[in-house]
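Enquirer: Supplied in structure tokens, the structure appears directly below.
The values are calculated or read from the model by the stated rules, or taken from the named source; none is laboratory data. In this text, all values refer to a predicted model and were calculated from it rather than measured experimentally. No Cβ is skipped: glycine too gets one built from the backbone with ideal geometry, and neighbour counts run over all protein chains shown. Just the protein is used for accessible areas: all its heavy atoms, side chains included, with ligands, DNA and RNA removed. Shrake-Rupley method; radii C 1.70, N 1.55, O 1.52, S 1.80 Å.
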Amino acid sequence: MAKTNPFAMAQQQLDAAAEKLGLEKSVHEFLRWPMKEIKVTLPVRMDDGSTRIFHGYRVQYNTARGPAKGGLRWHPDETLDTVRALSAWMTWKTSVVDLPLGGGKGGVTCNPKELSDTEKERLARAYMRAIWQNLGVTKDVPAPDVYTTPQIMAWMMDEYETLAGEHHPGVITGKPLPVGGSEGRGDATSRGGMAVTREAAMRLNLDLNGETMAIQGFGNAGQYAATLGSELLGLKLIAASDSKGGIYSDKGINPQALVKYKLQNDTLQGFPNTEPISNEELLKLKVAVLFPSALEQVITERNAGEIKCKILCELANGPTTPEADDILYQNKVFVLPDFLANAGGVTVSYFEQVQNTYNYYWELDEIHQKLDIKMTKAFQSVYAMSQREKINMRQAAYLVSVARVAEACRLRGWV
Ligand code: NAD
């Protein structure tokens with residue numbers, strides 16, 4: 001089956017929101033396209049002395065609400081259209097959490113698994129040399145995404161500062177702590193997810209303490225969902241999975257011990273006192289909260305009718321298809337849509353940017369408190385919209401975020 005062009009999908013989602021909001025034709029058409037696209041061709045010296053040519057992109061989708069913000073992805077399938085789609089989604093994400101930022105995204109078509117560290121460093125520096133004049137705290141601030149790391153961010157920041165001739169740590173976020181990274185960035189995505197899960201449970205009159213959770217995907221997002229779900233919400237972990245399969249125990253699984261086991265063995269299989277469970281079965285468990293934390297399109301028309309959780313907190317990007325959304329809504333599954341549920345990451349990235357600008361760094365407690373306030377307010381706006389318009393939380397999140405961006409465009413006199 002041909003894959004849907006992600007940018008066409010992003011435009012369709014906007015079209016639906018524009019119709020519901022009754023957006024003027026000019027505003028709607030303006031928001032369907034990136035405001036600026038940069039394409040660069042990068043010659044990079046390889047370790048064997050040869051030169052390879054890489055293709056890189058940076059898309060600044062919309063900057064009406066503030067400087068563009070969004071990650072850099074290094075992936076063999078990276079295309080201008082994937083970057084455009086991701087930059088549109090970043091625009092809606094920063095808007096839904098009401099950050100004074102726009103949306104952007106960038107990437108290089110490459111397979112980082114085939115590159116040595118020195119080749120990665122030369123590629124990172126080449127990319128920055130090619131686009132640095134378009135970046136900066138008042139223009140556009142990148143961050144890590146798929147296959148890019150804090151170390152790559154540090155190299156890029158260093159290249160930028162070398163070219164600018166002065167310190168500019170805020171030009172990029174997701175940096176290691178000793179060169180201007182922020183406390184609290186590691187678990188920010190999942191911690192933000194816990195805040196909106198707590199709010200959803202309150203609306204459902206559901207006491208989560210002692211209730212159950214299942215987690216699909218056990219990387220950064222999934223591992224922190226396990227530990228924080230237990231620590232902050234009192235949830236009992238009964239199932240978890242990764243690409244090699246899952247484990248289940250109705251008696252409960254100790255999250256810290258499971259994280260340790262995964263880091264030591266690179267698998268969840270064989271964790272004591274558990275039985276195997278497939279990824280497909282895990283999704284259908286009767287739990288209070290399900291955290292899809294791995295891949296796109298795992299909840300579809302095919303299995304949506306069998307999803308039995310009360311709250312579905314999408315830490316992963318795009319785990320639910322639009323057809324599945326309708327079924328879940330009819331079945332009263334409370335869906336926390338990805339660009340709200342996983343916005344904690346970009347929120348703490350924004351805090352990093354602010355701390356860099358002040359050159360004054362906050363304590364961890366302060367980061368946690370500020371993150372919670374942002375996520376709670378975002379939830380409240382989306383929930384109020386969903387109640388008022390009698391629509392699902394994803395549609396409501398689109399209406400809230402698109403309306404804010406449209407208003408900023410109008411106020412600037414752009415449309
Ligand atoms: P990660 O690479 O650290 O972890 C991904 C996990 O998914 C791994 O445990 C992997 O084994 C598992 N996985 C892969 N294929 C699977 C399959 N078929 N079934 C079950 N598990 C499978 O990635 P991450 O940073 O945790 O990101 C996970 C998701 O969360 C992605 O959709 C990402 O876009 C989204 N997200 C992450 C962040 C963040 O800050 N880390 C922020 C926003 C969104």
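Enquirer: Hey, what did the chain get for relative contact order, percent, Cα under 8 Å, at least 6 apart?
Expert: The value is 16 percent.
Enquirer: Defining a contact as two alpha carbons under 8 Å apart and six or more residues distant in sequence, what relative contact order in percent does segment 176-296 show?
Expert: RCO, segment 176-296: 29 percent.
Enquirer: When only C-alpha pairs under 8 Å and at least 6 residues apart count, what is the relative contact order of segment 324-415, in percent?
Expert: Relative contact order for segment 324-415 comes out at 29 percent.
Enquirer: If you roll a 1.4 angstrom probe over the protein chains with everything in place, what fraction of the accessible area of segment 224-269 belongs to carbon and sulfur, to the nearest %?
Expert: Result for segment 224-269: 48 percent of the exposed heavy-atom area is carbon or sulfur.
Enquirer: Size of the dipole of segment 96-249 about the Cα centre, Lys and Arg at +1 and Asp and Glu at -1 on the beta carbon, nothing else charged, in debye to 20?
Expert: Rounded to the nearest 20 debye, it is 240 debye.
Enquirer: Averaged per residue, what accessible area in Å² does the chain show with a 1.4 Å probe, protein chains only?
Expert: Computed with neighbouring chains in place, this is 44 Å² per residue.
Enquirer: Ordering Leu135, Leu295, Leu80 by accessible area with a probe of 1.4 Å, largest first, what comes out?
Expert: Leu295, Leu80, Leu135
Enquirer: Under a cut-off of 26 Å between alpha-carbon atoms, report the lysines in cross-link reach of Lys251, not counting same-chain residues fewer than 8 places apart.
Expert: Partners within reach: Lys236, Lys260, Lys262, Lys284, Lys286, Lys308, Lys310.
Enquirer: Under 1.5 on a/c is rounded, so check that first for segment 70-187, then, if it is not, pick prolate when a/b is larger than b/c and oblate when it is not; a ≥ b ≥ c are the square roots of the alpha carbon gyration tensor eigenvalues.
Expert: Verdict is rounded for segment 70-187.
Enquirer: In terms of solvent-accessible area of protein heavy atoms at a 1.4 angstrom probe, what is the ranking of Lys69, Lys25, highest value first?
Expert: Lys25, Lys69
Enquirer: Can you give the accessible area of Ser241, probe radius 1.4 Å, in Å² rounded to 10?
Expert: Roll a 1.4 Å probe over it and Ser241 shows about 0 Å².
Enquirer: Of Gly49, His75, His28, which is farthest along the charge dipole of segment 1-77 in the positive direction, counting Lys and Arg as +1 and Asp and Glu as -1 at C-beta?
Expert: Towards the positive end, the residue furthest out is Gly49.
Enquirer: Still on this model: Given a 1.4 Å probe and heavy atoms of the protein chains only, how would you sort Lys260, Lys251, Lys139, Lys175, largest accessible area at the top?
Expert: Final ranking, largest accessible area leading: Lys251, Lys260, Lys139, Lys175.
Enquirer: For n ≥ 4 DSSP H runs only, could you compute -39500 (n - 2.57) per run for the chain, divide by its residues and tell me the 222 nm figure to the nearest 500?
Expert: -14500 deg cm²/dmol
Enquirer: Next question. Roughly to the nearest percent, how much of the accessible area of segment 1-80 is carbon and sulfur, given a 1.4 Å probe?
Expert: So the carbon and sulfur contribution to the accessible surface is 54 percent.
Enquirer: When 1/r is averaged over all different Cα pairs and the result inverted, which Kirkwood radius in Å belongs to segment 1-128?
Expert: 15.8 Å
Enquirer: Further question: Give the peptides 386-393, 304-311 in descending order of average Cβ contacts within 10 Å, highest first.
Expert: Result, highest mean Cβ count within 10 Å first: 304-311, 386-393.
Enquirer: Given springs between every Cα pair under 10 Å in a Gaussian network model of the chain, which of Ser116, Ser230, Ser249 has the largest fluctuation?
Expert: Greatest mean-square fluctuation among the candidates belongs to Ser116.
Enquirer: Any idea what log10 I(q)/I(0) is at q = 0.19, 0.24 Å⁻¹ for segment 320-380, Debye with uniform C-alpha scatterers and no solvent?
Expert: Summing over Cα pairs of segment 320-380 leads to -0.76, -0.98.
Enquirer: Using the crude model of +1 on Lys and Arg Cβ and -1 on Asp and Glu Cβ, and no other charge, please compute the dipole size for segment 271-403 relative to its Cα centre, in debye to 20.
Expert: About 500 debye.
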